[in-house]
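Following: one structure in structure tokens, then a few remarks.
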Amino acid sequence: MSPEQGPSEGSRKRGGRVLPVIGAVVAAGLIVTLSLLAERLSQIEERVGFTPSTGLGPGVLLPAELVARGRAAFIPAYSHIYSGGGEPVQLEVTLSVRNTDPAHPIQIDSVRYLDTDGGLVRALSNEPLVLGPLQTASYLVEQTDTRGGSGASFVVEWSAKDEINQPVFESIMIDATKGLAFASRGVPIERHEDSVD
């Protein structure tokens with residue numbers, strides 16, 4: 001066959017059959033790859049989904065000689081904010097309590113979630129939780145729980161020895177559907193011993 005003649009009728013037919021086969025193989029490979037990727041993402045979501053904090057373990061308490069005095073923090077939170085002329089935007093709230101001390105534990109004595117009027121919505125901890133050095137505890141208020149209102153807050157009461165780095169208390173609010181996320185930092189307040197339920 002001379003270069004001017006081009007491919008024969010038979011080679012054109014064979015080439016016409018090969019392209020759809022290659023396309024089918026590529027499509028099948030892509031489907032398998034996407035299925036494996038979806039399964040992997042599902043496994044990652046299961047691992048990082050919210051689970052209540054356990055600290056150093058159930059029933060672990062600080063020895064009495066390490067608990068020099070109790071302290072408290074007030075952390076602003078928002079179960080919703082307003083947008084578009086006063087329409088409420090519901091938010092999911094995560095409270096993060098971080099022990100910033102690299103050598104000493106702290107004890108979280110109570111975590112209370114309060115509404116706009118300062119009334120108790122619910123206690124988020126039923127028993128003390130000890131956080132080891134540099135350990136973090138998280139507490140969740142679901143997006144569907146709107147009882148806190150736009151002026152919601154947390155009060156965390158905690159204990160530790162006198163000379164310790166101050167923990168960090170943050171509330172993180174998010175609405176993934178609107179791409180909205182922001183945080184509030186806690187401030188120390190006076191602790192009243194009779195406020196522990």
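The values are calculated or read from the model by the stated rules, or taken from the named source; none is laboratory data. What you see is a predicted model; the values in this text were computed from it and never measured. Ideal geometry is used to build each Cβ from the backbone, glycine not excepted, and the neighbour counts take in all protein chains shown.
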For this session: Report those strands (runs of 3 or more DSSP E) wholly inside region 76-118 carrying at least 2 residues which are in contact with a His (Cβ under 6 Å, 6 or more places away or on another chain).
Result: 87-90
For this session: Search region 116-145 for residues being under 20 Å from Pro88 (Cβ atoms) and among the β-branched types (Val, Ile, Thr), and hand back the single one that is modelled with the lowest pLDDT.
Result: Thr144
Problem set entry | Residues located in region 103-115, provided they are at pLDDT below 95 and of a type outside the set (Val, Ile, Thr) | Ala103, His104, Pro105, Gln107, Asp109, Ser110
Exercise. Among the residues of region 120-141, is any within 17 Å of Ala73 (Cβ to Cβ) and charged (D, E, K, R)?
Worked result: no
Problem set entry | Residues located in region 136-148, provided they are under 26 Å from Pro102 (Cα atoms) and surrounded by 18 or more Cβ atoms within 10 Å (Cβ to Cβ) | Ala137, Tyr139
Exercise. Would you pick out the residues in region 102-131 that are small (Gly, Ala, Ser) and buried (at least 16 other Cβ atoms within 10 Å of the Cβ)?
Worked result: Ser110, Ser125
Exercise. Could you say whether any residue in region 73-81 is surrounded by fewer than 16 Cβ atoms within 10 Å (Cβ to Cβ), in the same structural domain as Leu140 (by TED's automatic domain parsing) and modelled with pLDDT under 90?
Worked result: no
Seminar exercise, completed: Across (1) loosely packed, with under 14 Cβ neighbours inside 10 Å; (2) modelled with pLDDT of 95 or more; (3) small (Gly, Ala, Ser), Gly86 clears everything bar (2)
Exercise. Hey, any hits in region 168-184 for a residue that's part of a loop (DSSP other than H, G, I, E, B), buried (at least 16 other Cβ atoms within 10 Å of the Cβ) and not β-branched (Val, Ile, Thr)?
Worked result: no
